[in-house]
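The values are calculated or read from the model by the stated rules, or taken from the named source; none is laboratory data. Keep in mind that what you see is a predicted model, and the values were worked out from it rather than measured. All Cβ positions, even for glycine, are placed from backbone atoms using ideal geometry, and neighbour counts span all protein chains on display. SASA here: full protein model, heavy atoms, side chains in, ligands and nucleic acids out. Shrake-Rupley method; radii C 1.70, N 1.55, O 1.52, S 1.80 Å.
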Amino acid sequence: MIITIIAVIAGVLVGFLAARAVLKKGIKDHEGLAKEKAGQILKAAESQAEILKKNKLLEAKEKFIQLKAEHEQEIQQKNNQAAQRENSLKQKEQSLNQKIENAQRKEQEAENQRQNLARQTEMVEKKKTEVDQLHLQQVKQLEKISGLSVDEAKAQLVEALKDEARTTAMSSIKDIVEDAKMTAAKEAKKIVIQTIQRSATEAAIENTVSVFNIESDEVKGRIIGREGRNIRALEAATGIEIIVDDTPEAIILSGFDPVRRELARLSLHRLVTDGRIHPARIEEVVAKTRKQLEEEIIETGERTVIDLGIHGLHPELIRMVGRMKYRSSYGQNLLQHSREVANFCAIMATELGLNVKMAKRAGLLHDIGKVSEDNPEVPHAILGMQLAEKYKEHPEVCNAIGAHHDEIEMTSIISPIVQACDAISGARPGARREVVESYIKRLKEMESLALTYPGVEKTFAIQAGRELRVIVESEKITDQQADTLAFDIAQRIQTEMTYPGQVKVTVIRETRAVSYAK
């Protein structure tokens, strides 16, 4: 057993030693291979690094060469530019030198000319002295022969020439004036006839009464109201007399102001359509209708200036143009008349080669003073001119407005054109009615007279000017003072105004107590 174990151990030791020897040999072989392979890799890496190093060197050399070429090119360009500047400076220097030489040469020539001129002047003076002496000798000889002095001979010659020239000039002037009169009259007639032919409009006659149609007579009672309070409220709010008589299905609105009549008509239409008719509702409807009517007036003015091609007009002047729709001039609708005059002015200005736009503008605005609510005692032409000046219109337009009735002197060629066109528009048969204008003026004066008293709020001339209703403020006027006010106004109308028949003055003083239930 022991021998066996020893043999086994010996075998194991021998095997271990043999394996170790074999392993060492394998490790040595692998180590040699690894070293050989590492040497190969190192050689390859060195070779690759050398190649990269050479490439980088080549690239650096190429970059250096490129930068060097660019630098040399830039230096060459700068040298070229410097050379060009130098050449340019040399050329300018040569040109300047040449100009200096020319100037010096011209100066020398001018000096020579001055010297020659001085010599010539001296010779001329000598000749002139000799000529004057000869002339004096001849004059003295002529004076001895004629027996007249020089001044007397000149005076006789001048007078003779004056008489001859005056006679010839007067004859020529007379012929020219006669020819101009014939030509001017002919041309003026031609232009006026062409103007009238190219613009034909119908004549519109305004009156002071409007008729409001209703569906049935039952509505009349509702409009009158209990004890007439509705109709009194409506008359007080609009200033129009409302006549409810036996005329079937019609109510008459009487008043000289077309704007008030239109306000009353539209208010009545709204009230009748709505069905609610009482004093508070009447005041509300009249206020709304007045606002709507004002908007329509502005719209009418804007549409008018657009149709006529007039631009840049002040908004207040546009509103006044719209008010012309509800105003009449001697029975002729003022807006229609002004549009017609504007078109006439444009035609005449075209024929005469003048400013068409300015002529049309002056024609439209020439009667603007008739719709103003201020200064009723100033003539409408002067008032219109003041309004045009206030709203920065052209001076020629202002002069045409103020001079179309010869209140001021005409300073512009457009002024006589506006005057002529105004006459053409108003002179057509049936276009105007003198009575209406004087009637409206009288009623306005009556209302303005009553407004001068303190405490008077509104005035309305009704009954075709036979009654004046004066609405006063209850806080400022007592009942006793109302009687005195009515008497004073009646006395002033009697002494200061001319009117047919008699005028009834009614002073209205109203006290209201208002409370609200919440």
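Brief remarks follow.
- Restricting the range 244-256 to residues that are without any contact (Cβ under 8 Å) to a residue 60 or more places away in the chain and either open to solvent by less than 70 Å² (accessible area, probe 1.4 Å) or in contact with a His (Cβ under 6 Å, 6 or more places away or on another chain) (or both), the residue that is farthest from Phe460 (Cα to Cα): Thr247
- Hits in the range 457-477 - residues which are surrounded by 14 or more Cβ atoms within 10 Å (Cβ to Cβ) and more than 17 Å from Gly239 (Cβ to Cβ): Ser474, Ile477
- When the range 294-320 is filtered for residues that are under 22 Å from Thr238 (Cα atoms) and crowded, with 20+ Cβ neighbours inside 10 Å, the ones remaining, listed by number, are Ile297, Met320.
- Residues being more than 47 Å from the chain's Cα centre (by Cα) and either open to solvent by less than 100 Å² (accessible area, probe 1.4 Å) or under 26 Å from Lys476 (Cβ atoms) (or both) - total across the range 488-502: 7
- Across the range 263-272, the qualifying residues are those that are of a type outside the set (Gly, Ala, Ser) and open to solvent by less than 40 Å² (accessible area, probe 1.4 Å), and the one among them that is farthest from Glu218 (Cα to Cα) is Leu263.
- Of the residues contained in the range 273-287, none is found to be in contact with a strand residue (DSSP E or B) (Cβ under 8 Å, 6 or more places away or on another chain) and open to solvent by less than 50 Å² (accessible area, probe 1.4 Å).
- Flag for Ser338 being at pLDDT below 85, within 17 Å of His405 (Cβ to Cβ) and touching a helix residue (DSSP H, G or I) at 6+ places or on another chain (Cβ under 8 Å): no
- Here Tyr516 fits the description: loosely packed, with under 12 Cβ neighbours inside 10 Å and of a type in the set (Phe, Trp, Tyr).
- Complete set of residues in the range 458-492 that are part of a strand (DSSP E or B) and under 22 Å from Ser254 (Cβ atoms): Lys458, Thr459, Phe460, Ala461, Ile462, Glu467, Leu468, Arg469, Val470, Ile471
- Restricting the range 409-428 to residues that are aliphatic (A, V, I, L, M) and open to solvent by 20 Å² or more (accessible area, probe 1.4 Å), the residue that is farthest from the chain's Cα centre (by Cα): Ala427
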